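Below is one structure; the comments refer to it alone.
The values are calculated or read from the model by the stated rules, or taken from the named source; none is laboratory data. This is a predicted model, so every value here is computed, not measured. Every residue, glycine as well, gets a Cβ built from its backbone with ideal geometry; the counts of neighbours run over all protein chains shown. Protein only, heavy atoms only, side chains kept; ligands, DNA and RNA dropped before computing areas. Shrake-Rupley method; radii C 1.70, N 1.55, O 1.52, S 1.80 Å.
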Amino acid sequence: MVEGTDEDAAEGPGPAGTWQARNRCYSRSWAETPGRAHPQNLTERTPGSPPATRPQCRGMFAEPGGEPSTVKVGWGCHRPAPVPWLAACSDPGRGNPRLPSSEPTDTHFFFSVNPQVILILTKYYHADMGKVLESSLWRSSDFGTSYTKLTLQPGVTTIIDNFYICPTNKRKIILVSSSLSDREQSLFLSTDEGASFQRQPIPFLAETLLFHPKDEDKVLAYTKESKLYVSSDLGKKWTLLQEQVTKDHVFWAVSGVDADPDLVHMETQDLGGAFRYVTCQIHNCSDKVLAAPFPWPIDRGSLTVQDDYIFLKTTSANRTKYYVSCRRNGFALMKLPKHALPKVRGVISTDENQVFVASPRGSSPFFCALSQVRGVKGVFLANRKVDGKVMTLITYNKGRDWDFLRPPSSDMNGKPTNCQPPACHLHLHLRWADNPYVSGTVHTKDTAPGLIMGAGNLGSQLVEYKEEMYVTADCGHTWRQVFEEEHHILYLDHGGVIVAIKDTSIPLKILKFSVDEGVTWSTHNFTGTSVFVDGLLSEPGDETLVMTVFGHISFRSDWELVKVDFRPSFSRLCSEDDYGSWDLASLQGDRCIMGQQRSFRKRKRESWCIQGRAFTSALMARVCQCRDSDFLCDDYGFERMASSEPGTQCAANFWFNPLSPPDDCAVGQTYTSSLGYRKVVSNVCEGGVDLRRGPGPLQCPLMPPRGLRVSILGEAVAVQPGEDVLFVVQQERGDILTTKYQVDLGDGFRAMYVNLTMTGEPIRHRYESPGVYRVSVRAENMAGHDEAVLFVQVNSPLQALYLEVAPVIGINQDVNLTAVLLPLNPNLTVFYWWIGHSLQPLLSLDNSVTTRFVAPGDVRVTVQAACGSSVLQDSKVVRVLDQFQVVPLCFSQELDTFNPNTPEWREDVGLVVTRLLSKETNIPEELLVTVVKPGLPTVADLYVLLPPPRPTRKRSLWSDKRLTAIRQALNAQKISFLLQGGLRVQVALRDTDTGSQSLGGGGGYWAVVVLFVVGLFAVGAIILYKFKRKRPGRTVYAQMHNEKEQEMTSPVSHGEDAQATVQGNHSGVVLSINSREMHSYLVS
């Protein structure tokens, strides 16, 4: 005899070995079989009581010394930690368990329409390579007793990515396979539950497939290139529907709602980058026939088609709006409470002509988790966060009233819990399981009404690390603790058998089960060797009593599939005498729930029988008279108030006038004002009170236009000259039949319209000239007026952008950054300047900015010009130095005739001059930079850079012979180049005083130079006297600033022309004259 305990017996993992070539599948029967070894007897006990004696349940094992039946089902690996699962069970085509160890595995399970057929897809996933290297498909036709590996292509390695099952005919299966290089894919098609497959190559890389909800041969395929294909013959032939489609936002037509069953709803991206909601028929989906039920752009990933409803949202000017369409009618703006946060957290349900959404309201308490209790309509569990504490509540009337869960009076060991409301309640975790083969923290089932098992704790709030197991069989009225740790739960036979396996990272060999709704529990050794449990499987159908436990024995073992069959434990089917009943009631004892009294059938605890396929839980329902609790204060603009005064429980918010007519109320029509009450959806009460009754019908008054808005179709505000522009005028409130609309498009076009907002027809216009146009619409009737204004930018697309900046700049020297733009588009273009590594740009409307650099080095300057939807960019690198020289240059006047004043031409001329000077003077080309300046006359600056320092000796910049060589080459007229037509252009030194210089010399020029140098010598003498003494040969620096440019002349000898040089230092450009040259010049 083996006594059942609350602790699972476990053995440590076996030694990690190599991959095994087989897998053990244990078949367990719960009846004594002749010729077999005697089974172990099982006992159970009620929590808190000594072990009790129950009818013995026997387990069938292999004969002593015999080997269990074996079959190879693929690879497996495990690690002693919780297994991260990645997909939902509802989509068998997605990747499922991926174990992030050295040799992980993906696994998919599929039960066919025949309950005996099981398909298992295993994958060998290489973590380092990040890809699947091998996969295998296994098939069982005896519900897991034995498996056969299917060979899709003999002699060829086939990687199966996913598999998909037709929802209307589960005999039809599509496998998606890839080559090892992931460059091509194929489909394998089956129409016989996977007994055979036919290979079908496809011309694209499929990411997901979507079967038609009614037609078993029609399939949509979404590709990795965001394209959408369709097939009408189960994947044999494919047709491209649309490109640039948003993943997971493609929907087939809904039966009974969409008129065309072959209609496809999708979210696509247009050429301008905007996302739109479009529909088309699968046999004709060209751009010409695309329908746009919503004419404006939508937010990416916002389209949802669910039952009768279509949801989407738009964001414009930092304002988000939610729209909904019911039964494919026009879209209406969702009216959320005015001071709620503008965010819908999710659509919870759309059944029974009601949309149930979650939306936070400012700092008010909000629900952070919500779970519907299956099997009992209108019952929900929710976790609400109040003052930082998460607490669990339950509602029996679809959210009208909420109550805390009642704590049990004793724990599983019979000891008092000392948990007394209102300071202490029961709180449950409401988490969905990531692993599709295990239950979540709360488990309910449609065919087991009132049976709820959940993990949580007792106290003032929910504690994250506490996961004790609690169960209720009367829909939350009374609870009892059953385990101290979280367990995975599986309901069999409509909840007649509850199976629980501990959620742990250590290997197990014991499961627990209950046949009396969790009052007593028994234990069973489901395997002789402990395994890491990865999941639980049950045969399709709520009446099943067969389950499978799958997992691994060790880190690198194969799959272990253990079949557990409870059917032999029950000798007969249940009869009416085996059932009792229980009445649904709220925590306050109210039996009229959702307008009716409901009773459910329940198997008696002492009955040991199978409920079977024909079992129905509903026993009786009687309609109640309507009461106040059957009505909900949830009409728009109303809120339920916490007041004990009669008639004030539902009141209008301060911002809402309940007597105001609806927005679409027209003159001559009537309306009724709301009292704020609406009957709870799904409530079936009759007679009694009716809180919805208000005053009689009211006449719609003439209302002034309000909420007038003018926009361009597509929400653009920048267009091109000559482009057709469609203006749309919308009016949220006010009369539209008697309202006149004065439209001024800003370019002289004016017109008067009537019924403009009723027809919805846009105003088509075309602007011929660039500029900014003020578009105004004035709506006016006898009750008042409203006006809307829109500024439209009309500009041509940007064609070219060139950043002009001096290639060499001195430290702390003002530098001008100029963006040469074609076309210029003045006052319409915004310039973004990034200097260095800064991520924050400078913005300007002018095409030039002035800046300084405070440290030497190479600095990258980037400019972007944005005009409408057109954006261009250019970038240059500026060398910031503390010393360099600038030699002003000029050209023959004939060059001005050929100067187009474009950046490219100036750059080409500068490169030619640099190359000629380098060749003539033997100065390295990288130390010379010639920059031709914009405008006329054509002039340039030659930048002479300091050579890299030599380690042997220091060399003064001014003792360098390079300037002498450059001056000699220019004075000797050796620097020239040919233009078209054989015209030779001479390069010479530029006279910086007059702004130009002839190629020859003159006497007047020397006189000016002598006077200038005498003045400089006097200034130098004063400086020498003031600072005591300067040795001959010491370089004397003086500074001269000029707004346009900084320059100097330095005579070298009587026979040489005056030359202008500029040197940069920390204060900008520095005037430098060698004292010995000045002295020799003066005495001569």
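What ratio of Cα Rg to 2.2 N^0.38 Å holds for the range 369-485? Scaled against compact globular proteins, the figure is 0.99.
Note on Leu587 and Arg709: with the Förster distance fixed at 41 Å, the Cβ-Cβ geometry gives a FRET efficiency of about 0.25.
Dividing the mean sequence gap of close Cα pairs (under 8 Å, 6+ apart) by how many residues the range 576-623 holds gives a relative contact order of 39 percent.
Search the structure for amide H atoms under 5 Å from the amide H of Glu184, placed 1.01 Å from N in the peptide plane, and list their residues when 5 or more places away or on another chain. Under 5 Å from the amide H of Glu184 lie the amide H atoms of Ser179, each far enough along the sequence or on another chain.
To put it simply, the accessible area of the range 721-806 at a 1.4 Å probe is 48 percent carbon and sulfur. Summarising the label geometry, the points placed 7 Å from Cα in the beta-carbon direction at Met334 and Ile506 lie 4.8 nm from one another. Distance from the Cα centroid of the range 680-717 to that of the range 792-846 is 52 Å (rounded to whole angstrom).
For the pair the range 863-933 and the range 510-548, the centres of their Cα atoms are 82 angstrom apart.
The fraction of accessible area contributed by carbon and sulfur in the range 576-623 is 47 percent, rounded to a whole number (1.4 Å probe; ligands and nucleic acids excluded).
Between Leu927 and Ser410, the distance separating the two model label sites (each 7 Å from Cα on the Cα→Cβ line) works out to 10.1 nm. For the range 553-619, applying the loop criterion from DSSP together with a ceiling of 16 other beta carbons within 10 Å to the GluC sites (Glu not before Pro) yields Glu606. Note on the range 706-792: along the principal axes its Cα atoms extend 39, 23, 17 Å, ordered by decreasing extent.
Here the 3J(HN,Hα) profile of the range 941-946, calculated from phi with Karplus coefficients 6.51, -1.76 and 1.60 at θ = phi - 60°, is 10, 9, 9, 10, 8, 6 Hz, Gly and Pro shown as x.
Counting heavy atoms of the protein chains only and a 1.4 Å probe, report the per residue accessible area for the range 795-882 as a whole number of Å².
The answer is 50 Å² per residue.
When the trypsin sites (Lys or Arg not before Pro) in the range 224-292 are filtered for DSSP coil states and for at most 16 other beta-carbon atoms within 10 Å of their beta-carbon, the remaining sites are Lys224, Lys236, Lys237, Lys288. Under 12 Å from the 7 Å Cα→Cβ point of Ala965, by amide nitrogen: which residues of the range 925-942? Residues passing the 12 Å test: 925-928. Summing Cβ point charges (Lys, Arg +1; Asp, Glu -1) relative to the Cα centre of the range 369-485 gives a dipole of roughly 380 debye.
In terms of overall dimensions, the C-alpha atoms belonging to the range 184-303 reach 49, 35, 24 Å along their principal axes, ordered largest to smallest. Considering only protein heavy atoms and a 1.4 Å probe, what is the carbon-and-sulfur percentage of the accessible area of the range 369-485? It is 46 percent, rounded to a whole number. Note on the range 280-328: the C-alpha convex hull projects to 4.3 nm² when averaged across all orientations. For the range 587-677, the fraction of C-alpha pairs farther apart than 15 angstrom is 75 percent. Calculated from the alpha-carbon coordinates, the range 795-882 shows an Rg and a Dmax of 13.2, 43 Å respectively.
Spatial offset of the range 177-240 relative to the range 403-480 amounts to 44 Å, using the alpha carbon center of each. Sorting Ser232, Ser875 by solvent-accessible area of protein heavy atoms yields Ser232, Ser875, largest first, with a 1.4 Å probe. Eigen-decomposition of the gyration tensor built on the alpha-carbon atoms of the range 650-786 gives equivalent ellipsoid semi-axes of 42, 17, 12 angstrom, largest listed first. Multiplying each eigenvalue of the alpha-carbon gyration tensor of the range 490-570 by 5 and taking the square root yields semi-axes of 23, 14, 10 Å, largest first, rounded to whole angstroms. Counting only protein chain heavy atoms and rolling a 1.4 Å probe, the accessible areas of Arg603, Arg199 rank, largest first, as Arg199, Arg603.
Please give the FRET efficiency for Gln281 paired with Asp446, using the beta carbon to beta carbon distance and R0 = 30 Å, rounded to the nearest 0.05. Once rounded, the FRET efficiency stands at 0.25.
Computed with the Debye formula from one identical point scatterer per Cα of the range 576-623, without solvent, the log10 of I(q)/I(0) at q = 0.13, 0.14, 0.23, 0.24 Å⁻¹ comes to -0.36, -0.41, -0.83, -0.87. With contacts taken as Cα pairs under 8 Å and at least 6 residues apart, the range 795-882 reaches a relative contact order of 37 percent.
For the pair Leu659 and Ser776, the difference between a 0.36 nm per residue extended length and the Cα-Cα distance amounts to 38.9 nm.
Backbone geometry of the range 210-221 corresponds, through the Karplus equation with coefficients 6.51, -1.76 and 1.60 at θ = phi - 60°, to 3J(HN,Hα) couplings of 9, 6, 5, x, 10, 8, 6, 9, 9, 9, 9, 10 Hz, x marking Gly and Pro.
With θ taken as phi - 60° and the Karplus curve 6.51 cos²θ - 1.76 cosθ + 1.60 applied, the whole-hertz 3J(HN,Hα) list for the range 811-816 is 5, 6, 9, 4, 10, 9 Hz, x standing for glycine and proline.
Between Asn812 and Leu842, 0.36 nm times their residue separation minus their Cα-Cα distance comes to what?
Going from the current span to full extension adds 8.9 nm.
Taking 0.36 nm per residue of sequence separation and removing the Cα-Cα distance, the Glu485/Lys389 pair yields an extension gain of 32.3 nm. Once backbone amide H atoms are built at 1.01 Å from N, Arg706 has Glu732, Arg733, Gly734 as its partners under 5 Å, excluding neighbours fewer than 5 places away on the same chain. Here the label points at Lys224 and Leu290, each 7 Å from Cα along the C-beta direction, are separated by 2.5 nm in the simple model. I need the calculated FRET efficiency for the pair Glu920 and Leu824, taking r as the beta carbon distance and R₀ as 41 Å, to the nearest 0.05. According to the calculation, E is roughly 0.55. Normalised per residue, the accessible area of the range 490-570 is 18 Å², obtained with a 1.4 Å probe and no contribution from ligands, DNA or RNA. For the range 706-792, the residue among Tyr753, Met782, Ser769 whose Cα projects farthest onto the positive side of the dipole built from Cβ charges is Met782.
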